[in-house]
1. Of all beta bridges DSSP finds with both residues in the chain, what is the antiparallel percent, to the nearest 5?
2. If I take R0 = 56 Å and measure r between the Cβ atoms of T131 and D248 in this structure, what FRET efficiency does the formula 1/(1 + (r/R0)^6) give, to the nearest 0.05?
3. Hey, which lysines would be in cross-link range of K424, C-alpha to C-alpha under 18 Å, not counting anything within fewer than 8 residues on its own chain?
4. So if each residue of separation counts as 0.36 nm, and I subtract the Cα-Cα distance between R123 and V2, what length gain in nm does that give?
5. Give me the count of lysine pairs in segment 228-357 whose alpha carbons sit under 25 angstrom apart, restricted to pairs 8 or more positions apart or on different chains.
6. Return the distance in nm (one decimal) between the two label points of a simple spin-label model at D342 and K26, each offset 7 Å from Cα along Cα→Cβ.
7. When Lys and Arg each count +1 and Asp and Glu each count -1, what net charge do the other residues less than 14 Å away from I168, Cβ to Cβ, add up to?
8. Taking a spot 7 Å from the Cα of K98 along the direction of its beta carbon, which residues of segment 401-430 have an amide N less than 19 Å from it?
Amino acid sequence: MVQKILEHLKISALNEMQQAAIEAGKKPNDLILLSPTGTGKTLGFLLPVLNQLNLDVIGVQALVLVPSRELAIQIEQVFKTMSTGFKVNCCYGGHSTKVEKNNFKHPPAVLVGTPGRIAFHFRHNSFDPNTVKMIVLDEFDKSLEFGFQEEMSFILNNLKKLNKRMLISATKMQEIPAFTGIINPIELNYLNTDNTLLQGLKLKIVKAEGKDKLDALFALICKLGNGASLIFCNHRDAVERISGLLWDKGMAHGIFHGGMEQVDRERALIKFRNGSHKMLITTDLASRGLDIPEIEFVIHYQLPHTLDVFIHRNGRTARMNAKGISYLLLSDGEYIPAFIKDAPELEILPAHNIMPEKSDWVTLYIASGKKDKINKVDIVGLLLQKGKLQKEDLGLIEVLDFSSYVAVNKNKIDALLQLLINEKIKNKKVKIEISK
């Protein structure tokens, strides 16, 4: 069965950590899994969870608590792609509670969610907690950092039939809080704190003249071209300020931070994943737990305060066996952080900036989704048959509850919209337009 799952996920083989997690999961002990960002921890706990699921049980058997909405959605999608035959749902703030409650009419075997929203469903008796045998606390240290201890403690206190607890993190904690109930765990530690860089990641510095780094950032982006890039800031206002400058210069990009509405955050990630935007300017909210593969460049516009933050940011590139480059932007008076032991190479910026080529993709918005019984096959059929596109004109398709997004060749988008003006999906007229 594992081989079939790997084929569905387009993965050739499990890594050492994932194999060890499967073996540890077969034992009755609780499990603590520590491994850097980008090493496949999600599959590392989903496979042991899968081995414990029972087709004869009706109800939620495994609960996965995560610190962010995006991580909940990502885990749900990974489990669905595994095609196990078991149902999975996710619950999170900003998502319709009515939709979530309806999903419990046919309860999932695996429930993924943020602590606040899962606690809400406990209080409203949305599902029977007595069928839950396993709990996974993913990115546990981040959940504590976000202030979810009270909700997690409440949830764990109401799970009376637990026989397995798994704690997953990219950071080792000095002490595991007592409310987790973890006793005599097997610990798998794949962290390497002596190595601040992932294998395959190169570190470089860029020196900016004066205090303001914006000109240096723009020059660096121009030099890097249109490779996928994450630009990290420490504060939301810095994200917004950089974004304003780049839009003024005609450079398309997305932004991502905790002050944004959920729908705007989802849209930004979708455009970044499908290549419509090659850059994402973000706070450390995007440093962990997001499904944004194949990042070529990480740019630290504002320096990370700690080694952990530095490692997590860098973990967005050079994931698994890939390669990448991490850049530190230093203004006058700024120095390489002390936790970086090896002297990075200096990146020389060009004397003249040449704007990177614009993306070949544009994101199409369709105001219909899973809850309207729309799937990817319906969308592909509409765009190829009625929209006269070729398969190569279509990129990534993502179907959400009540909306869908499709990457389309930018040279075909205008003609496509004209052809689809009066078309329907599943005999229903829906809004179709370029995503804002």
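1. On the way: 15 of 64 bridges.
Taking every DSSP beta bridge with both residues in the chain, the antiparallel ones total about 25 percent.
2. Once rounded, the FRET efficiency stands at 0.50.
3. Within the straight-line limit of under 18 Å, K424 reaches these lysines: K370, K371, K373, K376, K386, K388.
4. Numbers: separation 121, 0.36 × 121 = 43.56 nm, distance 3.66 nm.
The span from R123 to V2 would gain 39.9 nm if fully extended.
5. Numbers: K249/K271; K249/K278; K271/K323; K278/K323; K323/K341.
Lysine pairs meeting the criterion: 5.
6. Once both label points are built, they end up 3.7 nm from each other.
7. On the way: positive: K41, K142, K164, R165, K172, R288; negative: D30, D138, E139, D141, E187.
That works out to +1.
8. Within reach of a label on K98: 401-404.
Any read-out appearing in this document is the output of simple, stated calculations on the displayed coordinates, not a laboratory observation. Note that this is a predicted model, so its numbers are computed, not measured. Because the Cβ atoms are built from the backbone with ideal geometry, glycine has one as well, and the counts that use them run over all protein chains shown.
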